[in-house]
1. May I ask you to list the residues in the range 17-32 that are in contact with a helix residue (DSSP H, G or I) (Cβ under 8 Å, 6 or more places away or on another chain) and either free of Cβ contacts under 8 Å to residues at least 24 places away in the same chain or under 20 Å from residue 72 (Cβ atoms) (or both)?
2. Among the residues of the range 35-53 satisfying the criterion of being more than 15 Å from the chain's Cα centre (by Cα) and part of a helix (DSSP H, G or I), which is nearest to the ligand (Cβ to nearest atom)?
3. Of these, 68, 42, 9, which one is in contact with a strand residue (DSSP E or B) (Cβ under 9 Å, 6 or more places away or on another chain) and farther than 17 Å from residue 137 by Cβ?
4. Quick one: which helices (runs of 4 or more DSSP H) sit completely within the range 214-276 and have at least 2 residues that are within 19 Å of the chain's Cα centre (by Cα), within 23 Å of residue 173 (Cβ to Cβ) and touching a residue at least 12 places away in the same chain (Cβ under 8 Å)?
5. May I ask you to say which residue of 122, 67, 63 is in contact with a helix residue (DSSP H, G or I) (Cβ under 7 Å, 6 or more places away or on another chain), more than 16 Å from the ligand (Cβ to nearest atom), more than 25 Å from residue 154 (Cβ to Cβ) and part of a helix (DSSP H, G or I)?
Ligand code: NAD
């Protein structure tokens, strides 16, 4: 079901499915979308300091908890430290700022947003400190390639619990996904719908017909069956519902393979090796 979870290597349970809020500005559209999603059964919300919407996300969470009788520990809230705040002291301060804006006492997951080469090791030390002090339930990274992860694993005390990367049928990330799977790092997809660029794909349309589902549902189901946490974004109520109806069908192995063979190593976002 919609609230099914994967267990991170430290024992924390993370929903397989959630709502992303990238490019949703502060205001009623944001608050309504997050509240509506929670009302529909979503339990995981993915934001970031750079999205500039943590205050509205926090407001929506508080209102949803009161209005729908949901407890904080039923929710899974993720935010991310932005590039300009990477460093030991600055990352610890950024975490406190995110908590204050969200109006929360803790986050479920805090991620290094991008692997800025000169700074991510120090930032990881800061996340370890925050975690050891019990201020966050889980820590992880985003947009890390294998070589970035190897650098962390080499001298860090803890390995990341999650790696959130761009992942969709045109970018299947075989190398980093295998590395994460083999190291107990939960793999999470961002832009799972390729920001809307996959809806005309003939194979995905054919499969949507075959399963009597939508293209979005086919793609998101492919994520789940690949063991990938997924966080599609929408502010439209009918799509928030549509994207969550993934738990009443199963793609065959052959169809899973066909979807994966759409890979072209094609990105919508920046290349993690060109970040500074
Ligand atoms: P997405 O792939 O989720 O696509 C969202 C777009 O698809 C929206 O414009 C929406 O209008 C459209 N859409 C959604 N559901 C649809 C449906 N059922 N039918 C038709 N159109 C539909 O793109 P995204 O927002 O970039 O990615 C999802 C989340 O991932 C973000 O909101 C954010 O939380 C996270 N993210 C993280 C990073 C990172 O660097 N860590 C980068 C980008 C996004």
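The values are calculated or read from the model by the stated rules, or taken from the named source; none is laboratory data. Note that this is a predicted model, so its numbers are computed, not measured. Backbone-built Cβ (ideal geometry, glycine too); neighbour counts: all protein chains shown.
1. Matches in the range 17-32: 17, 19, 21, 30, 31.
2. This residue is 37.
3. 42
4. 215-225
5. 63
Condition check ((1) assigned to a loop (DSSP other than H, G, I, E, B); (2) buried (at least 20 other Cβ atoms within 10 Å of the Cβ); (3) in contact with a strand residue (DSSP E or B) (Cβ under 7 Å, 6 or more places away or on another chain); (4) at pLDDT 95 or above) across all residues:
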residue	(1), (2), (3), (4)
151	no, no, no, yes
164	no, yes, yes, yes
176	no, yes, yes, yes
179	no, yes, no, yes
184	yes, no, no, yes
188	no, yes, yes, yes
192	yes, yes, yes, yes
